[in-house]
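The values are calculated or read from the model by the stated rules, or taken from the named source; none is laboratory data. Because the structure is predicted, anything quoted here is derived from the model rather than measured. Glycine also receives a Cβ, built like all others from the backbone with ideal geometry; neighbour counts cover every protein chain displayed.
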Amino acid sequence: MDIVIVGAAKVGYALSEPLGREGHNITIIDNNLHTLSQTTETLDVMGVHGNGATKAVQEEAGVPNADLLIAATSTDELNMLCCLLAKALGAQNTIARVRNP
């Protein structure tokens with residue numbers, strides 16, 4: 001399964017670790033290069049540096065062919081926007097982390 005995760009901080013890292021062990025192809029998008037580098041060096045994942053809510057970055061990460069996009073940043077609005085864009089680009093399923101209902 002091709003999975004794209006937006007946000008490489010605690011939640012994104014915690015999600016990508018077991019998913020990677022299960023054999024899924026994981027790509028992580030994050031705009032913090034230091035956090036992204038630490039995650040890609042520690043785990044068997046691909047990394048894309050940039051804003052996950054932009055079309056060019058999502059296309060670079062392979063979102064149009066992804067089975068799942070998980071938006072797990074610390075901002076609810078950004079997570080929802082990432083999912084809306086991913087669905088428009090052709091991602092099969094999306095999950096947005098929303099902390100404030």
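For the range 2-12, filtering for residues that are farther than 14 Å from ASN79 by Cβ and at pLDDT 95 or above leaves 2. Cβ-Cβ distances below 6 Å connect the following pairs, each with a first residue in the range 1-29 that is free of Cβ contacts under 8 Å to residues at least 24 places away in the same chain, a second residue that is of a type in the set (S, T, N, Q) and surrounded by 16 or more Cβ atoms within 10 Å (Cβ to Cβ), and a separation of six or more residues or different chains: ILE26/SER16. Scan the range 14-52 residue by residue and report those that are more than 12 Å from ILE70 (Cβ to Cβ) and hydroxyl-bearing (Ser, Thr, Tyr). Matches in the range 14-52: THR35, SER37, THR39, THR40, THR42.
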